[in-house]
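Some notes on the structure that comes next.
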Amino acid sequence: MLRRKFTALGLCLLLGLSLFPYAAMGADTPHFSLSANNEAPAVGQDIRVTVQGEQLTDLYGYELRMSYDAEHLRFKSASSHWTGLTVPAMDKDGEIVFAHTKLGKTAGENGKAAIATLSFESIAAGETAVVLTRVKLVDSQVEAVTLTPDVELKLDIASAENAVT
């Protein structure tokens, strides 16, 4: 009888410990946000959208996929906030793919960090958004994880005549 109790207790403990890494992993999952230098631009003005990461662990490289409304915005360029190798951004029909990696024996980014900035020109008045749809993160051991954060930055573009000066 006592042996059964110890066996049951041992199995419960083993099951609990085996689930612990999965519970802990959720707490450390990176989070992303988008911010703009101007969330209420007028037609013809430039907008810089910065991708920010939090709870990063040894981030050595990344690939960002973003979407935007090509009727309201024109993509101009993308840049990384770190030195290394940048793959030029590909823009097709309102979808951008941008990648960057560090080089050599450089430490990966940890904690909170600005990752990239994308530049747009506002071309038509109205409400629109830029959306971070997918992020592939690569650590210094070349292990990758892909996340789908679906983070949205809403913009309200004023007509040139109604611009606030």
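The residues listed here are K112, K102; of these, the one that is among the basic types (K, R) and either touching a helix residue (DSSP H, G or I) at 6+ places or on another chain (Cβ under 9 Å) or open to solvent by less than 30 Å² (accessible area, probe 1.4 Å) (or both) is K102. When region 102-114 is filtered for residues that are in a strand (DSSP E or B) and out of contact with any Asp or Glu (no Cβ under 8 Å at 6 or more places or on another chain), the ones remaining, listed by number, are A113, A114. Collect the residues in region 125-139 that are closer than 19 Å to G44 by Cβ and open to solvent by 30 Å² or more (accessible area, probe 1.4 Å), keeping them in residue-number order. Once the filter is applied, which keeps residues that are closer than 19 Å to G44 by Cβ and open to solvent by 30 Å² or more (accessible area, probe 1.4 Å), region 125-139 yields A125, E127.
Being under 14 Å from L64 (Cβ atoms), open to solvent by less than 60 Å² (accessible area, probe 1.4 Å), among the hydrophobic types (A, V, I, L, M, F, W, C) and part of a strand (DSSP E or B) is a property that A89 has. Checked against the criterion of being acidic (D, E), open to solvent by 70 Å² or more (accessible area, probe 1.4 Å), modelled with pLDDT of 95 or more and under 12 Å from the mean Cα position of the chain (by Cα), the candidates E71, E54 yield just one match: E54. Looking across region 41-51, the residues that are surrounded by 14 or more Cβ atoms within 10 Å (Cβ to Cβ) and either at pLDDT below 95 or over 28 Å from S140 (Cα atoms) (or both) come down to P41, A42, V43, Q45, I47, R48.
The values are calculated or read from the model by the stated rules, or taken from the named source; none is laboratory data. It should be emphasised that the depicted structure is a prediction, and the values quoted were computed from it without experimental measurement. Glycine also receives a Cβ, built like all others from the backbone with ideal geometry; neighbour counts cover every protein chain displayed. Just the protein is used for accessible areas: all its heavy atoms, side chains included, with ligands, DNA and RNA removed. Shrake-Rupley method; radii C 1.70, N 1.55, O 1.52, S 1.80 Å.
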